[in-house]
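Any read-out appearing in this document is the output of simple, stated calculations on the displayed coordinates, not a laboratory observation. Everything quoted here is computed from the prediction, not taken from an experiment. Cβ sites come from the backbone with ideal geometry, for glycine too, and all protein chains shown count toward neighbours.
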Amino acid sequence: MSGVKDLLRSHTSVRKYTGEAIPKETVVDLIQTAQMAASSHFVQAYSVIWVTDEEKKQKLGELSNNEFQFKTAGASFLFCVDFKRLQAAGQKHGVDIAADSAENLLVGVADVGIFAQNFVVAAEDAGYGICYIGGARNNPKEISELFNLPDYVFPLFAMTIGTPTKRNETKPRLPVEAVLHENNYDAEKYETLLDAYDATMEDYYASRSSNQKMANWTKQMADYLVDQNRPHIKEFLASKGFNWK
Ligand SMILES: Cc1cc2nc3c(=O)[nH]c(=O)nc-3n(C[C@H](O)[C@H](O)[C@H](O)COP(=O)(O)O)c2cc1C
């Protein structure tokens with residue numbers, strides 16, 4: 001099993017590809033592999049749009065502010081939380097499912113995340129590179145219209161995949177002590193651990209082979225989280241039938 005561990009430990013996002021198209025058999029195989037992911041209550045609350053139409057692909061790139069990646073990718077996908085199929089399942093039994101709940105939102109988001117990461121691992125094992133595109137939530141209404149997403153289906157993220165032109169160095173993660181707690185949650189350790197991690201990340205950003213910069217993790221997080229991100233999301237989710245009941 002060390003091959004799996006080595007693969008997981010070598011992950012880096014890829015943002016530039018050779019443009020070589022990924023064959024349909026490979027896409028189907030990767031999706032079938034991803035489908036074997038565990039699923040909360042076995043709801044399988046995901047759908048994926050494989051974007052093969054060039055115009056739609058370009059539009060998805062523009063709407064998610066990642067145009068260049070989509071241009072060179074071998075395949076592009078939109079990963080969606082999907083309770084529409086579950087509604088159809090309920091209807092088969094004369095039941096109107098209570099899809100609209102905060103709990104179902106969490107169930108769906110977890111399902112898509114686990115499914116997508118299975119897909120990523122299978123793709124990386126096949127030699128491809130990938131990049132998740134949360135930018136798909138920048139314009140979720142327009143993206144939903146572009147792909148005819150019905151009620152109870154919303155885009156969680158897009159993904160590009162392809163043969164990398166270059167692989168970046170792996171990015172150092174938080175020290176394990178920062179994420180691993182034993183028996184009790186310990187917030188006191190963060191002061192020293194975050195200083196150490198900032199030093200690690202400063203070195204990494206200053207010395208990596210491309211896009212060198214002066215930056216550290218805590219400042220990046222402070223800048224990212226100081227204001228509410230994508231404030232349109234709550235209203236968008238409500239328009240898709242998710243009011244967090
Ligand atoms: C859900 C999700 C959304 C992401 N969205 C974007 C994105 O819109 N654009 C991008 O370039 N990278 C995106 N990323 C990639 C992250 O920036 C990347 O995983 C992180 O910086 C760690 O780097 P690594 O994957 O190379 O180890 C996303 C990652 C995840 C998991």
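How much FRET efficiency would the formula 1/(1 + (r/R0)^6) give for Asp227 and Val28, where r is the Cβ-Cβ distance and R0 is 41 Å, rounded to 0.05?
E(calc), rounded to 0.05, equals 0.50.
Just want the ordering: Leu156, Leu8, from fewest to most Cβ atoms lying within 10 Å of their own Cβ.
In increasing order of surrounding Cβ atoms, one gets Leu8, Leu156.
Which of Ala110, Thr12, Tyr197 sits farthest toward the positive end of the charge dipole of the chain, with +1 on the Cβ of Lys and Arg and -1 on the Cβ of Asp and Glu?
The one lying farthest along the dipole's positive direction is Thr12.
Which of Ile143, Ile22 comes first, and how do the rest follow, when ranked by fewest Cβ neighbours within 10 Å?
Final ranking by Cβ density, sparse to dense: Ile22, Ile143.
Using a Gaussian network for the chain with springs between C-alpha atoms less than 10 Å apart, which of these wobbles most: Phe147, Phe115, Phe42?
Of the options given, Phe42 has the highest mean-square fluctuation.
Please report the orientation-averaged projected area of region 141-202, defined via the convex hull of its C-alpha atoms, in nm².
Answer in nm², one decimal: 8.9.
Which of the listed residues, Trp217, Ser207, Ser239, is farthest toward the dipole's positive end in region 165-245, when Lys, Arg count +1 and Asp, Glu count -1 at the beta-carbon?
Value computed over the given set: Ser239.
About its Cα centre, how strong a charge dipole does region 172-245 have in debye, to the nearest 20, once Lys and Arg get +1 and Asp and Glu get -1 at the Cβ?
640
May I ask for the distance between the Cα centers of region 38-101 and region 170-245, given as a whole number of Å?
26
Nearest 20 debye, what's the magnitude of the dipole of the chain about its Cα centre given +1 on Lys and Arg Cβ and -1 on Asp and Glu Cβ?
560
When a footprinting reagent is the concern and you count Cβ atoms within 10 Å, what order do Cys131, Cys80 take, fewest first?
Cys131, Cys80
Evaluate 2.2 N^0.38 Å with N set to the residue count of region 176-218, then give the Cα radius of gyration divided by it.
1.43
Once Rh is set to the Kirkwood radius over Cα pairs, what Stokes-Einstein translational diffusion coefficient, in µm²/s, holds for the chain at a temperature of 4 °C and a viscosity of 1.567 mPa s?
Diffusion coefficient, whole number: 65 µm²/s.
Pull up the cross-link candidates among the lysines for Lys141, meaning alpha carbon to alpha carbon under 24 Å and not fewer than 8 places away within one chain.
Lys56, Lys57, Lys59, Lys71, Lys84, Lys234, Lys240, Lys245
Using the Cα centre of region 107-245 as the reference point, and only Cβ charges (+1 on K/R, -1 on D/E), how large is the resulting charge dipole? Debye, rounded to the nearest 20.
Computed about the Cα centre, the dipole is about 560 debye.
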